[in-house]
1. Please count how many residues of region 228-255 are on the phi > 0 side of the Ramachandran plot and either at pLDDT below 95 or in a strand (DSSP E or B) (or both).
2. Which condition number does Ser104 fail, the rest of (1) in a helix (DSSP H, G or I); (2) of a type in the set (Ser, Thr, Tyr); (3) touching a strand residue (DSSP E or B) at 6+ places or on another chain (Cβ under 6 Å) being met?
3. Can we say Thr99 is among the hydroxyl-bearing types (Ser, Thr, Tyr), outside any helix (DSSP H, G or I), modelled with pLDDT of 95 or more and in contact with a Ser or Thr (Cβ under 8 Å, 6 or more places away or on another chain)?
4. Is it the case that Gly90 is out of contact with any helix residue (DSSP H, G or I) (no Cβ under 7 Å at 6 or more places or on another chain) and at positive phi?
5. For the structure I just gave you, tell me whether Lys150 is touching a Ser or Thr at 6+ places or on another chain (Cβ under 7 Å), surrounded by fewer than 16 Cβ atoms within 10 Å (Cβ to Cβ) and charged (D, E, K, R).
6. Condition first: within 19 Å of Asp239 (Cβ to Cβ), in contact with a helix residue (DSSP H, G or I) (Cβ under 7 Å, 6 or more places away or on another chain) and without any contact (Cβ under 8 Å) to a residue 40 or more places away in the chain. Can you find one or more residues in region 125-147 that meet it?
7. Could you list, in sequence order, the residues of region 256-271 that are surrounded by 15 or more Cβ atoms within 10 Å (Cβ to Cβ) and at negative phi?
8. If the requirement is being touching a strand residue (DSSP E or B) at 6+ places or on another chain (Cβ under 6 Å) and either farther than 21 Å from Trp73 by Cα or not aromatic (Phe, Trp, Tyr) (or both), which of these qualifies: Leu172, Leu187, Leu221?
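The values are calculated or read from the model by the stated rules, or taken from the named source; none is laboratory data. From a predicted model like this one, the values you see are computed outputs, not experimental measurements. Note that each Cβ is placed from the backbone with ideal geometry, even for glycine, and that neighbours are counted across all protein chains shown.
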Amino acid sequence: MNRSRAPLIMCGVFAYCSSAYLGFHLYKVYKLPTPPTTIADPTHQRISTCTHNHGLFSAMADRYDDEIGWDEWLMGLERRRKRAVERCNGLVLETAAGTGRNLSHFANNTATQSLTLTDASAPMLQQAFQLLKAISKDAPSTSSTMPPVKFSVLDTNGTIPPENVNHFDTVLDTFGLCSMQDPAKSLENMREMLKSGGKLVLLEHGRSNFPFFSEWINAALDKTAQFHADWWGCWWNRDLEAVVRGVGGLKIESVERFHFGTTIEIVAVKE
């Protein structure tokens, strides 16, 4: 074999195998049965494997980062998380903080005076606490620039403690609304925890609005939504921009989309 042609041939083989693999899975999705018309409506979405989403997250807390890390790396979500954290300032509350995947980015955010991490799952927050301890031990220079951090078990679908009302300058949520039973109510509670003029920073995934392809993408999301939710506790087919726009008392400042429109960053201000 001519050595000069070897890289070209290898690239061709890789492209063929990748296309065949992708085509096989696209065909599998295409052959799935059509889901109910209510599959994207949060009021009709129920996980088959447990009563409450946080029970599912609690069960996977110790392996969550290992299982989701590769997907996030492949999609470049770390820089999206970093950018979302850069938008935070003052007294910051993070909802659905999980295992603390945004935690290290706050060490570089000098505008944050304090950080409160909340989640409906205590085991997930325990993982975040262990991460903070690891940062303090293994990266003391990073730890020294970290704002004061508090942890609190909080379900944003439930009753908000009075001391949290009108208290925070920024509320941050990254990939949390997809797993909340009533995302509109959660957003209303996030709004209530903000001071007047406070900022809501959302990094979420959901339905696409990508030109020419959104119909096909959303059909694929709908067909696989129940399986994905049963496995991950996340409904990735919700129209979260529409949900945010339907919540009163919030003025949307910016909306950006990535990954063919399925990842969305929204910044809103409490009026």
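1. Total meeting the criteria: 1.
2. Here Ser104 meets the rest and fails (3).
3. The answer is no for Thr99.
4. It is true that Gly90 is out of contact with any helix residue (DSSP H, G or I) (no Cβ under 7 Å at 6 or more places or on another chain) and at positive phi.
5. So Lys150 passes the test.
6. no
7. Selection gives Arg257, Phe258, Thr262, Thr263, Ile264, Glu265, Ile266, Val267, Ala268, Val269, Lys270.
8. That would be Leu172, the only listed residue that is touching a strand residue (DSSP E or B) at 6+ places or on another chain (Cβ under 6 Å) and either farther than 21 Å from Trp73 by Cα or not aromatic (Phe, Trp, Tyr) (or both).
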